[in-house]
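Some notes on the structure that comes next.
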């Protein structure tokens, strides 16, 4: 795991981030890799997805040959404000993504990039994946807490995405989650259903805590990696 910090004029503190590199990264210097951005929940830090075992799950499946190798980037959001007050999202898109693309052998197109998160991080994943859809080909929202300021905008964002460019979408939540968060996830799923937008939806038994997300992290990793296992992702340096 590589640990870094991004200094930005828009942030009061540097954006800490972690990068998981697949086991073959150093041995195959001509290969480029997809990137998964995973965002933590409120009151946690960039180590949350690391502690939940996202990198271990990816490593396990990669070494078994069940999924193609990819990078995982885990950035830290220090504020708990709405996106209009928290520059985290803009810095991620405009500064962190270019930094990762410069620093590592990535596939710098949306089909090679996914964004996911849990709780507040899932709110960020939906915000970024819809508002800045040109950057991401997939959205994973685990125990989704939609931002209040985003709710009136989401349908318009969906309508603005060309049908052929709609991202893959994965939603899951525990049936005993906090009522406002459960209602948030159900509202978004029903909106997608009403608009006939393809998505995966899972209502599992569980609560809003790390034991729930840890129990499903392997499923998450398999889902993110699924479209990256084709030969079209065996991309080498030009």
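A few comments on the model shown:
- Annotation note: of 38, 6, the sole residue that is closer than 23 Å to residue 123 by Cα, within 15 Å of the chain's Cα centre (by Cα) and either surrounded by fewer than 22 Cβ atoms within 10 Å (Cβ to Cβ) or modelled with pLDDT of 95 or more (or both) is 38.
- Per-region count, segment 86-126, residues without any contact (Cβ under 8 Å) to a residue 12 or more places away in the chain and buried (at least 24 other Cβ atoms within 10 Å of the Cβ): 0
- Some residue of segment 85-103 being over 25 Å from residue 13 (Cα atoms), under 15 Å from the mean Cα position of the chain (by Cα) and not in a loop (DSSP other than H, G, I, E, B): no
- Subset of segment 1-39 (residues that are farther than 15 Å from residue 221 by Cα, touching a helix residue (DSSP H, G or I) at 6+ places or on another chain (Cβ under 8 Å) and in a loop (DSSP other than H, G, I, E, B)): 1, 8, 10, 11, 23, 24, 32
- Residue satisfying condition, being surrounded by 14 or more Cβ atoms within 10 Å (Cβ to Cβ), more than 15 Å from the chain's Cα centre (by Cα) and free of Cβ contacts under 8 Å to residues at least 40 places away in the same chain, within set 81, 59: 59
The values are calculated or read from the model by the stated rules, or taken from the named source; none is laboratory data. Keep in mind that this is a model prediction, so the values were computed, not measured. In this analysis, Cβ positions are derived from the backbone assuming ideal geometry, glycine residues included, and neighbour counts consider all displayed protein chains.
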